[in-house]
Amino acid sequence: MNEKYKKEVANDVVFNLEYNSERQRLIIPEYGRHLQKLIDQATEIEDDETRNKAAKYIIQVMGSLNPHLRDVPDFQHKLWDQLFIMSDFKLNVESPYPIPSRDVLQLKPDVLQYPQNFPKYRFYGNNIKYMIDVANKWEEGEMKNALVMVIANHMKKSFLSWNKDTVKDDVIFEHLYELSGGKINLLHSTEELLNTTDLMRTNKRVSNKITPAGQPKIQNNKNNKGGKQKTFQKNNNQK
């Protein structure tokens, strides 16, 4: 009789299994299904006083689940907002903070406008385009000519940083003409940019100064060699 009863109970449990795919979707899954059920039960309470006490108890439980956030400003405000959101805005209780609305929650942010307007020459960067736009607004004269040459040399330096090859000044002048909208024309100019070898040496020197965070800088080989000799001599003296 006992064995038969156990089999019937086991079959009944298996038959009544509740799969997650059949359950109601959790609005904020981080809090779990038990807390969601508490909120659903509190929403159905008819007595106002009892319902308010249940809401405050749920807020305490939600806070205990995130003890590392208790010192965060407006933490209680966030918990009350999440309480109303998880109740699908059906919970009618007194809140110490303004109750959020469904319309505000469903608002979408504006589309972010990217400043990249010349994807064909990404290796120059946005700062170069900004400098070119500034140069276009300047009046003709020595100051503008000097600025244009600085921009052109920086463009050549950026080009070599990504392409690792020689580049003719005419190519840089063509790109400058295109990026400036035809307002800066050095195609027939007799000006010469800095030497490719000097620019490559500058890029290499700057890249050597940049070391990943947390890694010590490698000392010179001479210093390392001298340090090894001193250590070897010290060990021999101790022996």
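The values are calculated or read from the model by the stated rules, or taken from the named source; none is laboratory data. Here the structure is a predicted model, which means the values were calculated and not measured. FYI the Cβ positions are ideal-geometry reconstructions off the backbone, even for glycines, and counts take in every protein chain you see. Heavy atoms of the whole protein, side chains included, go into the accessibility calculation; ligands, DNA and RNA do not. Shrake-Rupley method; radii C 1.70, N 1.55, O 1.52, S 1.80 Å.
Within the set 129/168; 108/129; 53/78; 37/78; 129/156, which residue pairs have Cα atoms separated by over 25 Å?
108/129
Ranked highest first by the average count of other Cβ atoms within 10 Å around their residues, in what order do 44-50, 101-107 fall?
44-50, 101-107
May I ask you to give the solvent-accessible area per residue for segment 119-208, in square angstrom, as obtained with a 1.4 angstrom probe?
Solvent-accessible surface per residue comes out at 67 Å².
Grab the beta carbon distance between residue 64 and residue 99, set R0 = 25 Å, and tell me the FRET efficiency rounded to 0.05.
Step by step, r from the Cβ atoms, then E = 0.60.
Using the charge dipole of segment 34-81 (Lys, Arg: +1 at Cβ; Asp, Glu: -1 at Cβ; taken about the Cα centre), state which of 38, 69, 54 has its Cα farthest towards the positive end.
Looking along the dipole axis, the top candidate is 69.
Roughly how big is segment 28-92's charge dipole about its Cα centre, with Cβ charges of +1 (Lys, Arg) and -1 (Asp, Glu), in debye to the nearest 20?
With Lys and Arg at +1 and Asp and Glu at -1, about 220 debye.
Aspartates and glutamates near residue 120 by alpha-carbon distance under 17 Å, same-chain residues fewer than 8 away left out - which ones?
Answer for residue 120, where 17 Å is the Cα cut-off: 174, 178, listed by chain and number.
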